[in-house]
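The values are calculated or read from the model by the stated rules, or taken from the named source; none is laboratory data. This one's a predicted model, so the numbers in the text were calculated from it and none came from an experiment. Cβ placement follows ideal geometry from the backbone for every residue including glycine, while neighbour counts extend to all protein chains displayed.
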Amino acid sequence: MYSVARKAIVSQHLIKRASPHVRFFSATDQEYLVVNAVGPDRPGIVSDLTKLVVDQGGNVGESIASRLGAHFGLMMLISVPKNKSTALQDAVKNMAEMSTTCYSTTNPDAVEVKPRVGYRGYFNLSGADNPGIVHKVTNILAKHRLNIDELKTFEDDSVPYGGVTLFQMMGTCTSPAPLANGFSPAAIREELESLGDSMNCEITLRDELDNRHSSAFYGG
């Protein structure tokens with residue numbers, strides 16, 4: 001688990017300056033990659049990785065980075081000219097002391113048919129840490145066919161909770177429309193609250209009508 005003070009978010013766009021010798025690539029010339037990189041924490045990891053992208057004419061879109069214990073993890077959505085994709089992936093995989101993977105994905109700006117959301121909720125847990133606590137909560141959500149879109153967990157040693165470490169868990173969950181017969185947020189809330197009582201935790205599920213919290217989900 002990691003503390004709030006340790007979490008770091010990286011969301012940046014690397015803009016290439018135009019010159020008479022620069023070739024402009026259309027969306028069809030681009031390949032889109034999701035890059036995962038994990039390794040011992042040290043200064044300059046983000047700088048080193050993004051330099052590899054720039055050197056191959058690529059661009060970083062969305063990204064998320066976090067320090068986890070003594071390690072640092074980074075996930076980035078990258079666009080790169082198709083003829084430079086293999087070179088970039090090889091360079092990323094050969095980063096010293098880093099374990100990396102690259103996954104090909106689709107253009108995030110492409111028009112796609114997405115299922116309509118029938119229900120969106122925000123869940124929050126606060127209380128004593130327990131073995132298997134994340135599994136128990138997510139198992140209830142899965143049982144009711146709720147997909148977890150975002151999830152964050154951390155321990156807070158600075159706030160004692162009955163003599164034990166305070167554990168925090170929060171996230172968003174959705175279910176596509178049409179909702180299954182008998183779908184009941186009230187029944188899910190009751191089950192989560194019962195679980196919380198058994199583990200000396202408070203667990204809540206709040207119905208959400210929009211995505212207003214999503215853009216700043218990791219920024220709080």
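Taking the conditions exactly as written (at positive phi, outside the structural domain of ASP156 (by TED's automatic domain parsing) and in contact (Cβ under 8 Å) with a residue 60 or more places away in the chain), does GLY44 satisfy them or not? Judged against the criteria, GLY44 is not a match.
Contact map, segment 72-84: first residue surrounded by fewer than 21 Cβ atoms within 10 Å (Cβ to Cβ), second residue part of a strand (DSSP E or B), Cβ cut-off under 6 Å, separation 6 or more or different chains; pairs are GLY73/VAL38; GLY73/SER66; MET75/ASN36; MET75/ILE64; LEU77/VAL34; LEU77/GLY61; LEU77/GLU62; LYS82/GLU31. LYS152 falls short on exactly one of the conditions (1) at pLDDT 95 or above; (2) in a strand (DSSP E or B), and that condition is (1).
I'd like the full set of residues that are over 19 Å from GLN30 (Cα atoms), touching a strand residue (DSSP E or B) at 6+ places or on another chain (Cβ under 9 Å) and assigned to a loop (DSSP other than H, G, I, E, B), limited to segment 40-82. Those that are over 19 Å from GLN30 (Cα atoms), touching a strand residue (DSSP E or B) at 6+ places or on another chain (Cβ under 9 Å) and assigned to a loop (DSSP other than H, G, I, E, B): ASP41, ARG42, ALA70.
The listed residues are LEU166, LEU209, and the only one of them that is in contact with an Asp or Glu (Cβ under 9 Å, 6 or more places away or on another chain) and modelled with pLDDT under 90 turns out to be LEU166.
Scan segment 97-116 for residues that are under 26 Å from ALA70 (Cβ atoms) and either charged (D, E, K, R) or at pLDDT below 90 (or both) and jot them down.
Keep residues of segment 97-116 that are under 26 Å from ALA70 (Cβ atoms), which gives 97-103.
Matches in segment 97-116: GLU97 only.
Does LEU88 count as buried (at least 17 other Cβ atoms within 10 Å of the Cβ), part of a helix (DSSP H, G or I) and at pLDDT 90 or above? Criteria met by LEU88. If you check LEU141 against the conditions, is it touching a residue at least 60 places away in the same chain (Cβ under 8 Å) and not in a loop (DSSP other than H, G, I, E, B)? Criteria not met by LEU141.
When each of TYR122, TYR103 is tested for being under 29 Å from GLU190 (Cα atoms) and assigned to a strand (DSSP E or B), the lone residue that passes is TYR122.
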